[in-house]
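Notes for the one structure printed next.
The values are calculated or read from the model by the stated rules, or taken from the named source; none is laboratory data. This is a predicted model, so every value here is computed, not measured. All Cβ positions, even for glycine, are placed from backbone atoms using ideal geometry, and neighbour counts span all protein chains on display. To get the accessible areas, we keep the full protein, side chains included, count just its heavy atoms, and leave off ligands, DNA and RNA. Shrake-Rupley method; radii C 1.70, N 1.55, O 1.52, S 1.80 Å.
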Amino acid sequence: MYYLALVFNLFCCFATAEKLALKPTLESFWGCALLVQSWFPALINVGGVLWQIAVFAFGYALFPAVSRAAKPLGLRALLCGMLSLYIFSAGYFIYLCVAAVDESKSNESSEAMNVTTAAWIWHVHCIARLPQFVAGVCLGEVVERLRITGMTYEFNAVTAFTVFYSEGEDGGASLAARRWSLCADWLSVFLLATALLSPLIRAYFGTSARDMASIGLEAFLLPLHALWLAAIVFAYHRRPEQGDVGRWRRRPLGRCYTREVLSWKPLVFLGDISLAIYCLHIPVLFVYTMAVAYVATGDWRLTTSIDDVDLRVRASYIHMPLQWSLVLAVSFAANKLFEQPLRKLIISKSLCDTDGALRRANNTAAGRNGEEREGKGEGQESPPLLSKQTRVGDADDRLFGAESMSKRVYGTYD
C-alpha cells in the first residue's frame, strides 16, 4: 500500500506542477522508497504523509529487541522508562523551537529556520518518534501484565495506572472497571476538544498558528494518550471461568461509552481500511482538485512547483462529501485488491514456515528417540513429539495469527 501510494504521489507531482525540478523530485522519490525521509526531512516532498509509515517500519524493526528487553523489567522500571522517553521527546521539541528562535534572531535572512518549521521537523523526525514507539511497547507490556493476571497492583505514589485497581472479589473488580471507564470517557471528551481546536485556530490565527498549536499539544499530551489507551483496555475486565483457568469468558464490568462508540460497525469498517485511507487520500484529493481546476480554468495544473503549498484552484467545501466518498471508494477497492491478499499471503507464509520448523523439530526428536531406544531398551518412555497445540499453547489464550491476536488484545471474544 505504501509503494502504491508513493507511485500515485509521484504522478500527482508531475501532473499538477507547472515547473518540476526533476533531480530533487527523483531524489525525494527514492529517499521515500528507501524509507529514509523521516531521518532526512528534506526528502519528504514526494512522499507527503507517508513519512509516518516509514517511522512505523523502523519501529517494527526495533520491536523484537525492545520487547525482549522489556520482558525482565519490573512494572516500576517500565513506567519510569515510559516517562523518561516521553520527557525526552518533549524536550527535543523544546530544543528545536528554542534553536529556531535563536537562529531567527541571529540570522535575518529568509533561509533561517522559523519555529513552525522546527515544530514540523520534530513532528516527522525519527529521533522524536522512535522513543514514543519504545514507550508504547513498554505501555503494552504493562497493560498486558495487569490485564492477563486479572489482579491489581498497588503503587500509590508511583503511577496513575494503578490507583484505580484494588484487590478483591467481583465488587472490587467491577468498581475498578467503572473507574477506568470514566477515565477513558472523560479523556475522550478532552482529547476530542483539543482536536476541535485546530480548525478554530486556523480560522482566527492562520495555518502557521494552527500547525504550531497542534504539534505542541501532541508533544506535551502524549502521556494522556497513553493513559487513554490503557483505560480503554482496563475498562474491560475479565476473569477465568471456574475450573478452566486457560479459557476466558466475556465479562464487561462497567459501561465504557468510548468502547461502545469505537465498536460501532461503521467505525470498525473505517478502521479496517484506515491504512488505505491514510496512504491514498492525498493523491485522490489532488486528482479531484485537478478535475475541478480543469473544468473551471481549462488547465489542471495547480501549483508552480511541488514546494508551493498555495494551490491556484481549491475545491469549495460543498465538494467535501463527494471528495471523501471518492476517497472511501478508492481505499475500499485498494484494501480488497491489494492489502487483504498481501496480508493473507504473508500470514500463510508465516504459518508454512512455522509448520516446517515444527516438522524439522519432530524429525530431530524422533531420531533422538530412536537412538535412545537402541541404547536404553524399548521399555523406557521417550519424550513426546511437538504438536501444533504445543506451538500455539491454549486455544483461547495464545491464539496464533493476526486476527486472533487482535481479538486477544482487545477482548473481543465470542
**OP:** Among the residues of the stretch 278-293, write down those that are under 11 Å from residue 5 (Cα atoms), buried (at least 20 other Cβ atoms within 10 Å of the Cβ) and of a type in the set (A, V, I, L, M, F, W, C).
**Re:** 279, 280, 284
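What about residue 49, is it within 17 Å of the chain's Cα centre (by Cα) and closer than 21 Å to residue 282 by Cβ? Spell out how you get there, then give the answer.
Values: within 17 Å of the chain's Cα centre (by Cα): yes; closer than 21 Å to residue 282 by Cβ: yes.
It is true that residue 49 is within 17 Å of the chain's Cα centre (by Cα) and closer than 21 Å to residue 282 by Cβ.
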**OP:** Output yes when any residue across the stretch 31-43 is assigned to a helix (DSSP H, G or I), over 24 Å from residue 334 (Cα atoms), modelled with pLDDT under 90 and over 25 Å from the mean Cα position of the chain (by Cα), and no when none is.
**Re:** no
Original post:
Within the stretch 57-79, which residues are without any contact (Cβ under 8 Å) to a residue 60 or more places away in the chain, in a helix (DSSP H, G or I) and not charged (D, E, K, R)?
Top reply: 57, 60, 61, 64, 65, 69, 77
Original post:
Is one or more of the residues making up the stretch 82-92 open to solvent by less than 30 Å² (accessible area, probe 1.4 Å), over 13 Å from residue 137 (Cα atoms) and under 22 Å from the mean Cα position of the chain (by Cα)?
Top reply: yes
**OP:** Could you grab me the full set of residues in the stretch 1-49 that are touching a residue at least 40 places away in the same chain (Cβ under 8 Å), open to solvent by 70 Å² or more (accessible area, probe 1.4 Å) and out of contact with any Pro (no Cβ under 9 Å at 6 or more places or on another chain)?
**Re:** 18, 19, 39
Original post:
Just for the stretch 286-342: of the residues that are in contact with an Asp or Glu (Cβ under 8 Å, 6 or more places away or on another chain) and not β-branched (Val, Ile, Thr), which one is farthest from residue 268 (Cα to Cα)?
Top reply: 305
**OP:** Within the stretch 9-30, track down each residue that is of a type in the set (A, V, I, L, M, F, W, C) and under 16 Å from residue 291 (Cα atoms).
**Re:** 11, 12, 13, 14, 15, 17
